[in-house]
Amino acid sequence: MTMKPELLRRLRAALLIAGLLMSALLVWSGMQQTESTLQISSSQQGISMPDGFIVWHHLDANGIRFKSITPENNSLLIKFDSSAQSEAAKAVLYRTLPRGYVIALQEENDSASAWLSRLRNHGDRIG
């Protein structure tokens, strides 16, 4: 049983279109990632970093989910799935941690959305 050439061309075109749509969907879903990172650092010399377990406890007690807590260069980095989670965590940590800490949103340098926002903000410099 052989396929007619016209049917074969239509099948190839349909597969090509389906592949392109799947690729576009994957790219779009990757751009929708709104991962957010908070950085906790001391504002004064001699103040030690809070223990990651204490930070975890405060966040968990307030129902705030996070992806990871990592010490890095005399600070703690806390990754969240969304900016809403990081804002809620920032409020909780300012309320529960002792004074002397700076809790700041860290810009994501490796995400596709960060690159796109840079291009949008500096579109006049392209070309």
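The values are calculated or read from the model by the stated rules, or taken from the named source; none is laboratory data. All figures in this text were calculated on a predicted structure; none of them were measured in a lab. In case anyone asks, the SASA skips ligands and DNA or RNA and just uses the protein heavy atoms, side chains included. Shrake-Rupley method; radii C 1.70, N 1.55, O 1.52, S 1.80 Å.
Rounded to the nearest 10 square angstrom, residue 53 shows an accessible area of 130 square angstrom against a 1.4 Å probe.
Between residue 44 and residue 3, the contour length at 0.36 nm per residue exceeds the alpha carbon distance by 7.2 nm. Per-residue Karplus couplings for segment 53-64, computed as 6.51 cos²θ - 1.76 cosθ + 1.60 with θ equal to phi - 60°, are listed in order as 5, 5, 4, 4, 4, 5, 5, 5, 5, 9, x, 9 Hz, Gly and Pro entered as x.
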